[in-house]
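Notes follow the structure.
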Amino acid sequence: MSSSVAIAVSGISKRFGDHQAVNNVSIEVPAGSIYGFIGPNGSGKTTTIRMIMNILVPDSGYIHVLGKASAADVRDDVGYLPEERGLYKKMTVRRVLRYYGQLKGKSAHEIDTAMKDWLGRLQLTDWMDKRVDQLSKGMAQKVQFIASVVSQPKLLILDEPFSGLDPVNAEALKDAVLEMRRRGTTIVFSTHDMSAAERMCERIFMIFRGKKVLDGTLEEIQSEYGHDTARVRTSGGAGILAGMASVDGVNDHGNYQDVKLNGDAQAFLQQLVQKTTVQQFEIRRPSLHDIFVRIARPTEDELRNETGGVR
């Protein structure tokens, strides 16, 4: 495995009973990058992360982490923020962070130096000797993040790091993640926040129904899906687009709509101005959100099956 690759996953699969959770997935995570994992709930995203972490063992295929055949061999160099948060609520912040640092084999001096740095960066210094159960949810989530980085890992795996955070705390945690990247840490970051993935990730991997469906830079992914999206704002709103022959799909944002076109954009605009007042018209590449929805949206057959054939 090349030193330029932090994680190499080749042909891994995982089945739970009759459910194929992950099916022949291969990826390479470049060292020093922020690599985004996206996918709908139940797609196999967390199962893949747990196999990389050696929490689960794949049925087939192999995984190399930081040049070793298992994350277990580099456990002290890997930080992990799980989706299911968990801190010892009766312990003080200082004791919790020292405990997590000691689990990774760090000295008291190394832990205290890193802990004070991160508590200062995330404006938690005054809470160092408070018990965890005295913290707000946002504070506790920032402490959980510090617990995953206090050992100064070479690889950091974050599962939904921004889930449930208000905008101020989400911004603080985003800055902390970028600081880790500046320090040379490779970051794998699982999220449902497509805008965060677009802004932060150098490469993006999407898993859907256990299979890899996207893997590349945002530029590569958007190029694959072309310039077939028009953002429109009209006095008629989304309703005016119904039944237009050149419209393949509409993502309604309320004040404007992103329209997937199947023909000439100028012809569509001419048809639109005959029906309504057009306030904005912009040809653009589909956003990561648009691409995600296109891939993951249920098919007509699936919707009929869910409703017992009633539409």
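What to note about this one:
- With K and R counted +1 and D and E -1, the other residues having a Cβ less than 15 Å from that of residue 94 yield a net charge of +3.
- Charge context of residue 25, other residues only, Cβ under 14 angstrom, K/R +1, D/E -1: +4
- Under 5 Å, built H, 5+ apart or other chain: amide partners of residue 236: 277
- Region 93-199 - Kirkwood radius from inverse mean 1/r over Cα pairs (Å): 14.1 Å
- Antiparallel content of DSSP bridges confined to the chain, in %, to 5: 65 percent
- Spatial extent of region 141-194: Rg and Dmax, with the Cα atoms as the point set, Å: 10.5, 29
- Highest-fluctuation residue, 244, 194, 180 considered, GNM on the chain with Cα pairs under 10 Å: 244
- Taking other Cβ atoms within 10 Å as a rough exposure proxy, 219, 202 sort from fewest to most as 219, 202.
- Mean separation of Cα contacts under 8 Å (6+ apart) over length of the chain, as relative contact order %: 19 percent
- Helix 167-182 and the longest principal axis of the C-alpha atoms of the chain enclose an angle of approximately 70°.
- Span from the region 1-66 Cα centroid across to the region 204-220 one, whole angstrom: 12 Å
- Each residue, residue 4 and residue 245, gets one label point 7 Å from its Cα in the Cβ direction; the gap between the two is 5.1 nm.
- Measuring nothing but how far apart in sequence close Cα pairs (under 8 Å, 6+ apart) lie, relative to its length, region 227-306 scores a relative contact order of 39 percent.
- Taking the Kirkwood radius as Rh and the Cα radius of gyration as Rg, region 227-306 has a ratio of Rg/Rh equal to 0.98.
- On Cα atoms only, tilt of 137-149 relative to the major axis of the chain in degrees: 60 degrees
- Taking every Cα-Cα distance in the chain and sorting them into 10 Å bins starting at zero, the pair-distance distribution P(r) comes out as 6, 23, 27, 22, 14, 7, 1, 0 percent.
- Pairs of Cα atoms in region 26-81 fall into 10 Å distance bins, from 0 up to the last occupied one, in shares of 20, 57, 22, 0 percent.
- Overall, region 87-150 carries a charge dipole of about 220 debye about its Cα centre when +1 sits on the Cβ of Lys and Arg and -1 on the Cβ of Asp and Glu, all other atoms neutral.
- Likely footprinting exposure, 282, 28, fewest C-beta neighbours within 10 Å first: 282, 28
- Positive contributions from Lys and Arg (+1) and negative ones from Asp and Glu (-1), summed over other residues with Cβ under 14 Å from the Cβ of residue 193, come out at -3.
- C-alpha long axis of helix 265-275 to longest principal axis of the chain, angle in °: 60 degrees
Readers should treat all values here as calculations from the given coordinates under stated rules, not as data from a laboratory. Predicted model, so just to flag it, every value in this text is computed and none were measured. No Cβ is skipped: glycine too gets one built from the backbone with ideal geometry, and neighbour counts run over all protein chains shown.
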